Number of protein chains: 2
Amino acid sequence: MTATDARTARPTGRPRPLPPLPTQAERVAELLRESLIDGVYPPGQRLSEERLCEEFGVSRNTLREAFRLLVRERLLVHQMHRGVFVGLPTSEDVCDLFKARRTLELPALRGAVDPGPDAVRLVGSAVDEGEAARERRDWWRMGTANMRFHQAVAELAGSARVNEFMSQVLAETRLVFHVMDAPREFHAPYLDWNRRIHTLLASGDPAGAAEELEAYLAASERQLLTAMEERA
Amino acid sequence: MTATDARTARPTGRPRPLPPLPTQAERVAELLRESLIDGVYPPGQRLSEERLCEEFGVSRNTLREAFRLLVRERLLVHQMHRGVFVGLPTSEDVCDLFKARRTLELPALRGAVDPGPDAVRLVGSAVDEGEAARERRDWWRMGTANMRFHQAVAELAGSARVNEFMSQVLAETRLVFHVMDAPREFHAPYLDWNRRIHTLLASGDPAGAAEELEAYLAASERQLLTAMEERA
DNA sequence: GATCGAAGTATCGTTCAACAATCCAACGAT
DNA sequence: ATCGTTGGATTGTTGAACGATACTTCGATC
């Protein structure tokens, strides 16, 4: 390993600015969460308490409170006396994640016989944003938009708790992309599927939309699984 | 208030024995979780750090790590500089919880066209246990069995993540019972419904089972809501 | 040369004590 | 009765300390 790995060696002086959230622990958790989703820390890597304390400018106790939150969200895993590591999803995890997504997204779509118009609009705007980002070749924004699309689908169920669970599932799914080191344009082909799903939904055909989504999920899962097995 | 409220005043000397779990914080969280589900602490009550530190025989930092976990599970709520309080679900929370349960339980049941036989057996054993407890008038065990029944239904989906989410939702639902101070035999009438659902499921009619469960959830939700509004 | 075992080191797990920030209740002035 | 003010209590956060555990390094033995 070279002297300065851009990821592991970040003793670069001043603490990062923390977003304005209630407590320090939550601020740190939020910042770490974003970094994990963005792939700043590669899956499987150990996160040193000492280093991150300095990086965020908080004490060990506070950092550990943040760790607890992210461990519960499965973005980090905790090993006794060894520390916390970035989650390293396996093929089994991928299967489980997609099972969860099917239970959440498909019924939400099927049950949207009389959805609130703003809920559907939220789905549509995610599709629009994705397509706009694709034209700009802004792959990062495109990935985010795709995530927002599925989040909006789950929100058709109208339950805050389901929304939160869905967002956790999606965050963990992002870890999978980093495991297989997917190119940023990975999601591009799926945008057309999103468009189709939204069109069916908006035209009052939730069953058809669900059918499309089912095919989408099957294809996406298969692609992820094969990509992961190639890498192993 | 009398001199010794069995709930609020528990400065009774020695720390409680802690179950054998990986870390202290998780042990404390597990113990607290059980206490909350059992209604040891009434909803809305503030949990003093100082007192619980002594009760569990751990330091404030460790206790706070446990708090974070339970706050994320919505069993506790956290108010800045005021402390943590036992969750106090509102009518809206009840609606949300039942929306979540519909999203989880109904598709799990409907999708159980070819369920693993052990998964179905788990549902059945929960029904048996509930009925046995009812005959014994063991209301506490009956409530637990009812919870296990719905957990087993959700497990038909076959996703560990869904299972965990479901168990959180059920734990929070238990808080609702304590809010309305439901009598322990509250669940008794629902056992017959459980039996019916399991019979339909075992006889290869998941759609019928789902229909029954839908009626069950509607009835249960309505009863809870009216009971809560009476109390307010 | 490989395997196994034994110090040594680094890191985590947990506690403790301290201080600042904030809330709350009691009090007094208008 | 309403509104500041004040003082006490509790939380938020830090820093240091020490035992416990895992990893590493280094020999010793086969």
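Some points to look at:
- Considering only B:GLN79, B:LEU31, B:PHE56, the residue lying farthest towards the positive end of the dipole of region B:24-86 is B:GLN79, judged by Cα position with unit charges set on Cβ.
- Calculated SAXS-style log₁₀ I(q)/I(0) at q = 0.15, 0.16 Å⁻¹ - chain A, Debye, Cα scatterers: -1.07, -1.17
- Across B:GLY204, B:GLY130, B:GLY87, mean-square fluctuation computed from a Gaussian network of chain B (C-alpha pairs under 10 Å connected) peaks at B:GLY204.
- Cβ-vector label at 7 Å, A:GLN223, separations to other copies in nm: 4.8
- Summed side-chain charge close to B:GLN223 - residues other than B:GLN223 whose Cβ falls under 12 Å, Lys, Arg +1, Asp, Glu -1: -2
- Restricting the chymotrypsin sites (Phe, Trp or Tyr not before Pro) of region B:36-133 to loop positions (DSSP other than H, G, I, E, B) with no more than 16 neighbouring Cβ atoms within 10 Å leaves nothing.
- Carbon + sulfur, % of accessible area of chain A - ligands and nucleic acids excluded, 1.4 Å: 51
- Here the spin labels are modelled as points 7 Å beyond Cα on the Cα-Cβ line, and at A:ARG51 and B:ASP138 they lie 5.2 nm apart.
- A label point on A:PRO42, set 7 Å along the Cα-to-Cβ line, lies at 5.7 nm from each of its counterparts in the other copies, closest listed first.
- Taken residue by residue and averaged, Cβ atoms of other chains lying within 10 Å of the Cβ of B:65-71 number 4.
- Cα convex hull volume per residue for the protein assembly as shown (Å³): 177
- Crossing angle, helix B:206-231 versus chain B [Cα axis fit, 0-90 degrees, rounded to tens]: 40
- Zero-based 5 Å bins, Cα pair distances in region B:24-86, whole percents: 4, 20, 34, 30, 12, 0
- Near the amide H of A:LEU76, within less than 5 Å, lie the amide hydrogens of A:VAL71, A:GLY87, all on another chain or at least 5 residues away, with H placed in the peptide plane.
- Ordering A:ALA119, A:MET180, A:SER203 by the projection of their Cα atoms onto the charge dipole of chain A, which places +1 on the Cβ of Lys and Arg and -1 on the Cβ of Asp and Glu, puts A:MET180 at the extreme positive end.
- Stokes-Einstein D for region B:39-150, Kirkwood Rh over Cα pairs, 4 °C, 1.567 mPa s (µm²/s): 75
- Net charge dipole, region A:26-139: roughly 420 debye, given to the nearest 20, about the Cα centre with Cβ charges of +1 for Lys and Arg and -1 for Asp and Glu.
- Accessible area of A:VAL113 in the full protein assembly, 1.4 Å probe (Å², nearest 10): 120
- Its Cα centre serving as origin, region B:165-212 has a Cβ charge dipole (Lys and Arg +1, Asp and Glu -1) of approximately 140 debye.
- To the nearest ten degrees, helix B:91-110 and the longest principal axis of the Cα atoms of chain B are 40 degrees apart.
- Burial annotation for region A:98-115: residues with an accessible-area loss of at least 30 Å² between the isolated chain and the complete set of protein chains, computed on heavy atoms with a 1.4 Å probe, are A:LYS99, A:THR103, A:PRO107.
- Residue range of chain B that is longest and free of trypsin sites (Lys or Arg not before Pro) which are both DSSP loop and sparsely packed (at most 15 other C-beta within 10 Å): B:138-232
- When +1 charges are put on Lys and Arg Cβ atoms and -1 charges on Asp and Glu Cβ atoms, the dipole computed for the protein assembly as shown relative to its Cα centre reaches about 1440 debye.
- 0 to 90° range, to nearest 10: angle between helix B:190-202 axis and chain B longest Cα axis: 50
- In whole percents, the pair-distance distribution calculated for region A:134-232 from its alpha-carbon pairs, binned every 10 Å from zero, is 14, 43, 36, 7, 0.
- Label spacing, shortest first and in nm, from B:SER125 to its equivalents in the remaining copies (7 angstrom along Cα→Cβ): 4.9
- Interface size B-A, as summed buried accessible area [1.4 Å probe, Å², nearest 100]: 3200
- For region B:134-148, putting each phi into the Karplus relation 6.51 cos²θ - 1.76 cosθ + 1.60 with θ = phi - 60° gives couplings of 5, 4, 6, 6, 8, 5, 5, 5, 5, x, 4, 5, 4, 4, 5 Hz, in residue order, rounded to whole numbers and with x for Gly and Pro.
- Rolling a 1.4 Å probe across the protein heavy atoms gives the protein assembly as shown an accessible surface of 47 Å² per residue.
- Residue-averaged [θ]222 nm for the protein assembly as shown, counting only DSSP H segments that reach four residues, each worth -39500 (n - 2.57): -21500 deg cm²/dmol
The values are calculated or read from the model by the stated rules, or taken from the named source; none is laboratory data. Please read these numbers as outputs of a predicted model, since none were measured by experiment. No Cβ is skipped: glycine too gets one built from the backbone with ideal geometry, and neighbour counts run over all protein chains shown. The protein model used for the area step is the full one, side chains on, heavy atoms only, and it has no ligands, DNA or RNA in it. Shrake-Rupley method; radii C 1.70, N 1.55, O 1.52, S 1.80 Å.
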